[in-house]
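Engineer: Starting off with a structure, shown below.
The values are calculated or read from the model by the stated rules, or taken from the named source; none is laboratory data. This is a predicted model, so every value here is computed, not measured. Here Cβ is always computed from backbone atoms with ideal geometry, including for glycine, and neighbour counts include all displayed protein chains. Just the protein is used for accessible areas: all its heavy atoms, side chains included, with ligands, DNA and RNA removed. Shrake-Rupley method; radii C 1.70, N 1.55, O 1.52, S 1.80 Å.
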Amino acid sequence: MSEITAKTPWESSMGDVPMHLDYFEGSLYEGVARAAEKYPYNIAYDFMGRSTSYREMVQSIDLCARALKTLGIRAGDCVTIAMPNCPQAICMFYAVNLVGGIANMIHPLSAEKEIEFYLNASHSVSAITLDQFYHKFEHIRQNTGVVNIIIASIKDALSRPVRAGYMLTEGRKIQKIPADAPVIRWDVFLRLGKACSWNYKVPRGGDDPAVILYSGGTTGTTKGIVLTNRNFNALAEQIIATNPMFRPGDKMLAAMPLFHGFGLGVCIHSMLYNGGRCVLVPRFTAASYAKLITKYHCNFIAGVPTLYEALLRLPSMEKADLSCLKGVFSGGDSLSVELKKKFDKFLYDHKAAIQVREGYGTTETVTACCLTPVNMFKEGSIGIPFPDTYIKIVKPGTDEELPYGEEGEILLAGPTVMKEYADNPEETAQTLRRHADGLTWVYTGDLGTMDEQGFVYFRGRAKRMIISSGYNIYPGQLENILDAHEKVQMSCIIGVPDTYRMQKVKAFVMLAPGVPATEETKKELLSYCGKHIAKYAMPYDIEFRTELPKTLVGKVAYRKLEEEELARRAAES
């Protein structure tokens with residue numbers, strides 16, 4: 001193993017950040033309960049104008065846990081949580097952990113068949129969702145092993161004045177649930193907890209499974225990723241160790257969703273574990289995000305690159321004072337060099353004394369396991385590994401480590417590495433491999449390089465690589481070039497099947513405001529590409545779009561563009 005993979009580089013680049021941390025071996029609930037003992041009167045979270053203290057939060061979790069015990073939830077049982085970022089979701093997440101269960105986190109906007117898949121893949125015995133999503137669950141319930149469905153409502157978590165307004169607007173749009181529906185309403189569910197008089201707390205250790213998140217992994221097939229108490233608690237300690245400016249009471253704008261490791265691990269658990277304050281955002285839009293940053297004077301914000309690109313265009317941000325910010329984190333997708341430059345200037349112009357810090361990770365390691373340090377930045381780098389986390393670059397699919405600067409597959413090892421893929425030993429064995437160094441490594445399927453100081457450079461997913469006439473083309477690199485043009489707001493590159501070259505390159509471009517989508521503009525951009533892109537990688541066409549499709553977590557959905565292109569070509573043939 002090279003010196004960099006054997007020694008965490010935070011020691012030399014961050015000064016006071018320790019090389020190694022001592023990790024708490026208790027449960028997720030115990031980690032948060034410890035914070036509540038230290039800071040009982042601190043605000044744990046804010047939700048649509050209503051604040052909840054740590055003491056109140058833990059009391060709610062305990063009551064919820066007693067109710068789960070009354071329903072018969074036992075150690076190892078899976079409970080599906082299909083909720084936006086709201087108090088009931090926080091409560092249920094930690095309550096499931098307290099009774100020894102496993103929280104199966106899914107997107108509430110999932111299609112019916114997707115929900116059915118998630119419920120069966122996790123063997124869930126109970127589920128909680130919002131009233132507005134009840135009918136999707138009811139349609140597929142008979143095809144699953146779910147016994148109880150708990151129905152919550154946003155209005156139940158609101159203060160009285162806000163609730164009245166909600167019921168006159170959003171609340172009116174929700175389809176009524178029949179009075180005799182076989183569900184348990186949230187208030188009835190909590191009353192069950194008051195009847196519980198036996199011991200409902202199940203001791204759990206660091207290695208016990210706690211959460212299931214979903215990802216396409218390295219093969220693109222949806223898999224349940226089983227994560228442990230240690231995985232999340234270690235992340236919470238690493239996040240604070242690499243952000244020494246954090247203080248208990250600091251506010252994190254928690255807009256990234258709970259079903260995503262970035263939202264659950266960084267925005268929620270890392271804050272509540274350390275006495276931070278979460279500003280919960282139930283339904284994310286760039287406008288609501290911008291409003292809450294300034295309303296609550298948030299200290300930390302986290303998001304995907306498309307979010308920061310959207311903030312640049314919001315008129316409401318023109319006079320915003322962002323001097324309150326201590327940390328701005330970008331992850332979940334590649335942050336182009338040009339977008340970083342634009343957003344760093346935006347922060348400077350709005351009185352923030354910081355820059356965007358890009359991170360990198362996979363759901364197989366909860367989320368981020370690599371971050372740009374506060375005081376060291378290298379253009380195009382995703383940073384350096386967290387304490388006790390190791391990254392090495394190998395010849396794809398092997399354990400053969402490559403020299404500094406040479407491109408290969410990114411491998412990860414450390415305390416946040418998942419336990420396994422649920423019910424999928426073959427995929428687990430493919431992705432998790434133990435090497436001669438004694439560490440278990442995650443084969444990410446991502447391509448990158450590492451320099452001699454341990455800084456890592458992301459080059460793209462191996463499966464997104466375009467191969468044209470034998471040449472390897474990386475869409476992210478071409479997107480960086482297009483995004484640098486003054487007339488381009490954002491771009492996405494895909495590979496299109498071609499009988500001669502195998503694949504050829506097509507660009508989809510969202511133009512900057514006011515730029516006309518004309519043939520003249522297209523010619524100008526193609527001429528520009530000709531000067532910056534090798535001939536074999538040149539786009540054969542540029543298609544203008546007013547918006548680019550997004551995934552559920554806000555990334556540009558390049559697969560959707562690929563599917564649309566294939567469908568169009570099939571229709572024409």
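Engineer: In the range 311-372, how many lysine pairs have Cα atoms under 17 Å apart, counting only pairs 8 or more places apart or on different chains?
Structural biologist: 9
Engineer: Classify the range 466-559 from the C-alpha gyration tensor, please: rounded if a/c falls under 1.5, else prolate or oblate depending on whether a/b exceeds b/c.
Structural biologist: Values: a/c = 1.87, a/b = 1.25, b/c = 1.50.
It is oblate, given that a/c is not under 1.5 and a/b is not larger than b/c.
Engineer: Report the relative contact order of the range 182-241, percent, no decimals, based on alpha-carbon pairs under 8 angstrom and at least 6 residues apart. Walk me through the intermediate numbers first.
Structural biologist: Numbers: 42 pairs, mean separation 15.3, N = 60.
Answer for the range 182-241 is 26 percent.
Engineer: If we sort 394-406, 279-291, 181-193 on the protection proxy, mean other Cβ atoms within 10 Å, highest first, what's the order? Kindly include the intermediate steps, with their values, before the conclusion.
Structural biologist: Values: 394-406: 13.5, 279-291: 18.2, 181-193: 16.7.
Per-residue Cβ counts within 10 Å, averaged per peptide and sorted highest first, yield 279-291, 181-193, 394-406.
Engineer: Express the carbon and sulfur contribution to the solvent-accessible surface of the range 302-345 as a percent, rounded to the nearest whole number, probe 1.4 angstrom. Can you show the working numbers first?
Structural biologist: Values: 920 of 1700 Å².
Summing carbon and sulfur atoms, their accessible area is 54 percent of the total for the range 302-345.
Engineer: Name the trypsin sites (Lys or Arg not before Pro) in the range 322-380 that are in a loop by DSSP and that have at most 13 other C-beta atoms within 10 Å, would you? Don't jump to the answer; show the numbers that get you there.
Structural biologist: Values: sites: K326, K340, K341, K342, K345, K351, R357, K378; in loops: K326, K351, K378.
Hits after loop and neighbour filter: K351.
Engineer: For every other residue with a beta carbon closer than 12 angstrom to the beta carbon of D250, add +1 if it is Lys or Arg and -1 if Asp or Glu, then tell me the sum. Don't skip to the answer; put the middle values down first.
Structural biologist: Details: positive: R247, K251, R277, K326; negative: none.
Once all neighbours under 12 Å are counted, the net charge is +4.
Engineer: What is the local net charge at N120, summed over the other residues whose Cβ is closer than 12 Å to its Cβ (Lys, Arg +1; Asp, Glu -1)? Could you put the intermediate results ahead of the total?
Structural biologist: On the way: positive: K113, R141; negative: E114, E116, D423.
Taking every Cβ under 12 Å from that of N120, the sum is -1.
Engineer: Additional query: For the range 258-327, what does the accessible surface come to per residue with a 1.4 Å probe? Please give it in Å².
Structural biologist: Details: 2250 Å² over 70 residues.
I get 32 Å² per residue for the range 258-327.
Engineer: Report relative contact order for the range 435-515 in percent, whole number only (criteria: Cα-Cα under 8 Å, sequence separation at least 6).
Structural biologist: Reported as a whole number, the value is 20 percent.
Engineer: So what is the 222 nm mean residue ellipticity for the chain from helices alone, if each DSSP H run of at least 4 adds -39500 (n - 2.57) and you divide by all residues, rounding to the nearest 500 deg cm²/dmol?
Structural biologist: Working: 18 runs with 180 residues, N = 573.
It comes out at -9000 deg cm²/dmol, rounded to the nearest 500.
Engineer: With charges set only on the Cβ (+1 for Lys and Arg, -1 for Asp and Glu), what does the dipole of the chain come to about its Cα centre, in debye to the nearest 20? Each step should come with its number before you reach the end.
Structural biologist: Details: 64 positive and 64 negative charges, 389 e Å.
It works out to roughly 1860 debye.
Engineer: Of the listed values (i) 38, 28, 25; (ii) 48, 35, 21; (iii) 72, 31, 19, grab the one calculated as semi-axes √(5λ) of the Cα gyration tensor in Å from the structure here.
Structural biologist: (i)
Engineer: Right, another one. About the Cα centre of the range 414-528, how large is the charge dipole given +1 on each Lys and Arg Cβ and -1 on each Asp and Glu Cβ? Please answer in debye to the nearest 20.
Structural biologist: On the way: 13 positive and 15 negative charges, 59 e Å.
Taking the Cα centre of the range 414-528 as origin, the dipole is about 280 debye.
Engineer: Right, here's the next one. Note down the relative contact order for the chain as a percent, whole number, built from C-alpha pairs under 8 angstrom at least six residues apart. Walk me through the numbers on the way to the answer.
Structural biologist: Numbers: 1170 pairs, mean separation 70.6, N = 573.
Over the chain, the number comes to 12 percent.
Engineer: Would you kindly give the portion of the calculated P(r) for the range 49-162 that falls above 18 Å, as a percent of all Cα pairs? Spell out each step's value before the answer.
Structural biologist: Numbers: 3091 of 6441 pairs.
Tail fraction, whole percent: 48.
Engineer: Grab the other residues whose beta carbon is less than 13 angstrom from that of V226, score K and R as +1, D and E as -1, and report the net. Numbers along the way, then the final one.
Structural biologist: On the way: positive: K223, R230, K419; negative: D207, D208, E364, E420, D423, E427.
In short, -3.
Engineer: Of the DSSP beta bridges with both residues in the chain, give the percent that are antiparallel, rounding to the nearest 5. Walk me through the numbers on the way to the answer.
Structural biologist: Working: 50 of 89 bridges.
So the antiparallel bridges amount to about 55 percent of the total.
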